[in-house]
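Participant: Please find one structure pasted underneath; my questions will follow.
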Amino acid sequence: MSPKHIKKLRKSFGFTQKVMARAFGVGTLTMSQYENGVRNPGPTALILLELLDSLPKKRSLELFKLFHSKAKELKLGSGSSTHESPN
């Protein structure tokens with residue numbers, strides 16, 4: 001998935017980079033790097049991006065909320081930009 005498409009997908013849901021980053025278990029800087037083509041998302045992040053992109057918006061939001069709440073519970077993406085995926 002291209003950096004431009006990642007940004008477009010995030011914006012289509014109305015999410016900030018911070019919210020999106022937390023769901024992916026990465027820092028805001030890492031999410032910014034994904035969107036600017038400086039860094040490539042890891043395999044887990046790519047799968048989530050593809051799922052979010054391919055499902056109907058309502059289902060995508062449900063999936064995103066699940067990832068976001070689980071990442072919050074596990075304290076992933078709390079500012080560190082060293083994580084590639086929630087695993």
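The values are calculated or read from the model by the stated rules, or taken from the named source; none is laboratory data. Fair warning: this is a prediction, and the values are worked out from it, not measured in the lab. Don't worry about glycine lacking a Cβ; one is built from the backbone with ideal geometry, like all the others, and counts go over all protein chains shown.
Participant: Has region 42-63 got any residue that is of a type in the set (S, T, N, Q), within 14 Å of Lys4 (Cα to Cα) and in contact with a helix residue (DSSP H, G or I) (Cβ under 9 Å, 6 or more places away or on another chain)?
Facilitator: no
Participant: Can I ask one more? Tell me, yes or no, whether region 51-74 has at least one residue that is modelled with pLDDT under 90, part of a loop (DSSP other than H, G, I, E, B) and loosely packed, with under 12 Cβ neighbours inside 10 Å.
Facilitator: Yes; the residues of region 51-74 include at least one that is modelled with pLDDT under 90, part of a loop (DSSP other than H, G, I, E, B) and loosely packed, with under 12 Cβ neighbours inside 10 Å.
Participant: Same structure, new question: Can you find, within region 34-50, the residue that is farthest from Ser12 (Cα to Cα) among those that are assigned to a helix (DSSP H, G or I) and over 11 Å from the mean Cα position of the chain (by Cα)?
Facilitator: In the first step, residues of region 34-50 are kept if they are assigned to a helix (DSSP H, G or I); the result is 34-36, 43-50.
Going one step further and asking which of them are over 11 Å from the mean Cα position of the chain (by Cα), we end up with 36, 43.
Working: Asn36: 17, Pro43: 22 Å.
Within region 34-50, the match that is farthest from Ser12 (Cα to Cα) is Pro43.
Participant: Working only within region 1-16, note down all residues that are closer than 15 Å to Val38 by Cα and surrounded by 13 or more Cβ atoms within 10 Å (Cβ to Cβ). Can you show your working first?
Facilitator: Of all residues in region 1-16, those closer than 15 Å to Val38 by Cα come to 1-7.
Passing the criteria: Met1, Pro3, Ile6, Lys7.
Participant: Also, I was wondering about something else. Out of (1) part of a helix (DSSP H, G or I); (2) in contact with a Lys or Arg (Cβ under 9 Å, 6 or more places away or on another chain); (3) at pLDDT below 90, the odd one out for Gly77 is which?
Facilitator: (1)
Participant: Separate question: Yes or no: region 15-33 includes at least one residue that is in a loop (DSSP other than H, G, I, E, B), more than 11 Å from the chain's Cα centre (by Cα) and more than 21 Å from Glu73 (Cβ to Cβ).
Facilitator: For region 15-33, residues in a loop (DSSP other than H, G, I, E, B), more than 11 Å from the chain's Cα centre (by Cα) and more than 21 Å from Glu73 (Cβ to Cβ): absent.
Participant: Starting from residues that are modelled with pLDDT of 90 or more and touching a Phe, Trp or Tyr at 6+ places or on another chain (Cβ under 7 Å), keep the ones in region 1-30 and report whichever is farthest from Leu48 (Cα to Cα).
Facilitator: Per the criteria, the residue is Pro3.
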